[in-house]
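Here's the structure we're looking at; comments come further down.
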Amino acid sequence: MATASTPVPSRAVLADLLPAVGTRLGTQARDLALVAGGAALTGLAAQLSVNVPGSPVPVTGQTFAALLVGTALGARRGVASLALYLLAGAAGLPWFAEATSGWAMASFGYVIGFVLAAGLVGALARRGADRSPVRTAAAMVLGSLAIYAVGVPYLAFALDVPLARAAELGLYPYLVGDVLKAALAAGALPLAWKLLGRRRDS
């Protein structure tokens, strides 16, 4: 764990820059808090929802939140956080889009994709993918593709439509938004690293 007197490890993620905890139990409690906090952030962002005419998949903030959680926490904690989000929502906690819950919705495949994407962007962040704008944008694009790789086929199955039709309903209308999210992350995450580096050096 990095401290204010040591250099930031090259394989660190943003969550690793939190102050060190003196005991193993304390470290575990902090990790649990990060996992729960990431799930809660995703659930809160999911309530920023706009319906797309003709599609059962709304535009929400949860995709962006899921990618940020995975990047900031790293693969292990990111996967745990989004798995918690999935399992709690499937069990009835109303924190999916528009305060819904359960697993029977046509868009549930995207929620499954969040778990995969969190692991992917978290692993990339461990390799420094969130420390420059270009690499951050690339990581966000790859994470979004991972979500669609699960969400679109699941949508086709749930609606009993061809995969091409599912892409029309659950992929193409969202690409411009994904580009904007990638651009936002490309500015925010490297800036966070820069600011934290200045604080550590001061």
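Going toward the positive end of the dipole of the chain, with +1 on Lys and Arg Cβ and -1 on Asp and Glu Cβ, which of G92, L169, V79 do you reach last?
My answer, from the dipole projection, is V79.
Based on alpha-carbon positions alone, could you give the equivalent ellipsoid semi-axes of the chain from the gyration tensor, as √(5λ), descending, whole Å?
Output for the chain: semi-axes of 32, 19, 13 Å.
For every helix of n ≥ 4 consecutive DSSP H residues, a contribution of -39,500 (n - 2.57) applies; sum these over the chain, divide by its total residues, and give [θ] at 222 nm rounded to the nearest 500 deg cm²/dmol.
Result for the chain: -22500 deg cm²/dmol, rounded to the nearest 500.
Full-extension gain between A29 and V161, please, as 0.36 nm times their residue separation minus the C-alpha to C-alpha distance.
Roughly 43.0 nm would be gained on extension.
Just to be sure I understand the rule: take each whole DSSP H helix in the chain, project its Cα atoms onto its long axis, keep it if the span is 20 Å or more and its mean Kyte-Doolittle hydropathy is at least -0.5. Which ones pass?
Within the chain the helices that satisfy the rule are 24-46, 75-91, 108-126, 133-159, 175-201.
Quick note: the coordinates plus some simple rules give every number you see, no bench work behind them. Since we're looking at a predicted model, the values are computed, not measured. Because the Cβ atoms are built from the backbone with ideal geometry, glycine has one as well, and the counts that use them run over all protein chains shown.
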